[in-house]
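S.K.: Okay, handing you the structure first.
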Ligand code: SF4
Ligand code: ZN
């Protein structure tokens, strides 16, 4: 197998694109494609101040690296969730994020939930009103809130996350299985800004996980190899396993599924379910917009700690 661009021995085969690339050309191809997606979906420009949500894992660090190489004005945000799981998951992830930022003289902001709130995400899940909230549900609320807060209050114009095609296809498939119309309509490479709500973008949404993984390895980026201990058995991961089986039988099926969805959306197949916009109220405690009167979901989480 030879690199399509230069003919030397290929380092990676990308059957879904009918493409094979050597290391040097993969390291060019990922930023070129990312730039193409940024422009195609009108994500941001070089005038924007971008905040990249970094978990210490491969996708978010690869995204930050690519945006840095493309000359975008991008800082990082790490949210310490206080997850240990016997492997010091959060501490190790933070070390990877710090090491990455320091090596490139990039600015990494850290929001430390245990230090600032006196409770970790697993503890918060245990103490939730029902006492049986999965850590992922609590974690999602906390991460979304902090990302929005740090973006809007620190002068950034957009928040970028490292979601890849495997993530997007799994979420879409999961929502389709139960016809969750609200979530299906909402899924997009770009969520536009609203008053008090930052613009959210996913520049890696068309890359397979193995493509971003290969990029991270070939760039020599040190990342946290272990998955979060709470990821085991979560629904999205189960769906990913099933989609991987389909992909093994038919390379490209995930990409076709996701791109066909985006095309159908563009063609007007999916319409918002309600014409009345949801009223947002400022949370009296944190000031962030909330669908509830009174404290927002994030602030409510901490009321009973
Ligand atoms: Fe949070 Fe769950 Fe992801 Fe762990 S797997 S980081 S708990 S959402
Ligand atoms: Zn609040």
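S.K.: Among rounded, prolate and oblate, which fits region 1-132 when a ≥ b ≥ c are the square roots of the eigenvalues of its C-alpha gyration tensor, a/c under 1.5 means rounded, and a/b larger than b/c means prolate?
M.R.: prolate
S.K.: Work out, step by step, the length gained on full extension between residue 285 and residue 2: first 0.36 nm times the residue separation, then minus their alpha carbon distance; give nm to one decimal.
M.R.: Computed gain between residue 285 and residue 2 is 96.0 nm.
S.K.: Return one quarter of the surface area of the convex hull spanned by the alpha-carbon atoms of region 155-305, equal to its mean projected area, in nm².
M.R.: Reported value for the Cα convex hull: 12.3 nm².
S.K.: Among 213, 20, 248, determine the one that fluctuates most according to a GNM of the chain built with springs between C-alpha atoms less than 10 Å apart.
M.R.: With Cα springs under 10 Å in the chain, the top fluctuation among 213, 20, 248 is at 248.
S.K.: When a/c is below 1.5 the answer is rounded, else prolate if a/b is larger than b/c, else oblate, so apply that to region 71-225 with a ≥ b ≥ c taken from the square roots of the Cα gyration tensor eigenvalues.
M.R.: Taking the square roots of the gyration eigenvalues as a ≥ b ≥ c, region 71-225 is rounded.
S.K.: Here is a follow-up. Neighbour counts of other C-beta atoms within 10 Å: give me 259, 14, 21, 67 arranged from fewest to most.
M.R.: So the residues, fewest neighbours to most, are 259, 14, 67, 21.
S.K.: Once the Cα atoms of the chain are picked out, what are the Rg and Dmax in Å?
M.R.: 19.7, 63
S.K.: Further, regarding this structure: Which of 87, 54, 278, 158 comes first, and how do the rest follow, when ranked by fewest Cβ neighbours within 10 Å?
M.R.: 278, 87, 158, 54
S.K.: Once you have the Cα-Cα distance between residue 182 and residue 217, take 0.36 nm times their residue separation minus that, and quote the gain in nm to one decimal.
M.R.: Length gained between residue 182 and residue 217: 8.9 nm.
S.K.: Same structure again: Taking only Cα atoms, what is the 0 to 90° angle, nearest 10, from helix 253-266's long axis to the longest principal axis of the chain?
M.R.: The helix 253-266 is inclined about 60 degrees to the chain.
S.K.: With the cut-off at 1.5 for a/c, could you classify region 140-236 from its C-alpha gyration tensor as rounded, prolate or oblate?
M.R.: Cα axes put region 140-236 in the oblate bin.
S.K.: Starting with the fewest neighbours, write out 261, 37 ranked by other beta-carbon atoms found within 10 Å of each beta-carbon.
M.R.: Listed from fewest to most nearby Cβ atoms, that is 37, 261.
S.K.: Using only Cα atoms, tell me the angle between helix 209-218 and the longest principal axis of the chain; keep it within 0 to 90° and round to the nearest 10.
M.R.: With rounding to tens, the tilt is 70 degrees.
S.K.: Expressed as an acute angle from 0 to 90° and rounded to the nearest 10, what is the orientation of the C-alpha long axis of helix 89-103 relative to the principal long axis of the chain?
M.R.: The two axes meet at around 60 degrees.
S.K.: Please find, in a Gaussian network model of the chain (springs between Cα atoms separated by less than 10 Å), the residue of 224, 116, 211 whose mean-square fluctuation is greatest.
M.R.: Fluctuation is largest for 116.
S.K.: Return the single residue from 43, 126, 150 with maximal mean-square fluctuation; model: Gaussian network over the chain, springs between Cα atoms under 10 Å.
M.R.: Taking springs between Cα atoms under 10 Å, the residue moving most is 126.
S.K.: Any chance you could run the full-extension gain for residue 236 through residue 136? It's 0.36 nm times the residue separation minus the Cα-Cα distance, nm to one decimal.
M.R.: Extra length from residue 236 to residue 136 when fully extended: 34.9 nm.
S.K.: With the contact rule set at Cα under 8 Å and sequence spacing of 6 or more, what percent relative contact order holds for region 163-269?
M.R.: 38 percent
S.K.: Quick one, can you get me the convex hull of the C-alpha atoms of region 1-62 expressed as volume per residue in Å³?
M.R.: Each residue corresponds to 115 Å³ of Cα convex hull volume.
S.K.: What FRET efficiency would be calculated for the residue pair residue 248, residue 271, taking the C-beta separation as r and a Förster radius of 45 Å, to the nearest 0.05?
M.R.: Given R0 = 45 Å and the Cβ-Cβ separation, E is 0.80.
S.K.: Mean residue ellipticity at 222 nm from the helices of the chain, using -39,500 (n - 2.57) per DSSP H segment of n ≥ 4 over the full residue count, to the nearest 500 deg cm²/dmol?
M.R.: So the calculated ellipticity at 222 nm is -14000 deg cm²/dmol.
S.K.: Considering only DSSP beta bridges whose two residues both sit in the chain, what percent are antiparallel, to the nearest 5?
M.R.: DSSP beta bridges in the chain are roughly 40 percent antiparallel.
Read-outs: derived from the displayed coordinates by stated rules, not from any lab. This one's a predicted model, so the numbers in the text were calculated from it and none came from an experiment. Cβ sites come from the backbone with ideal geometry, for glycine too, and all protein chains shown count toward neighbours.
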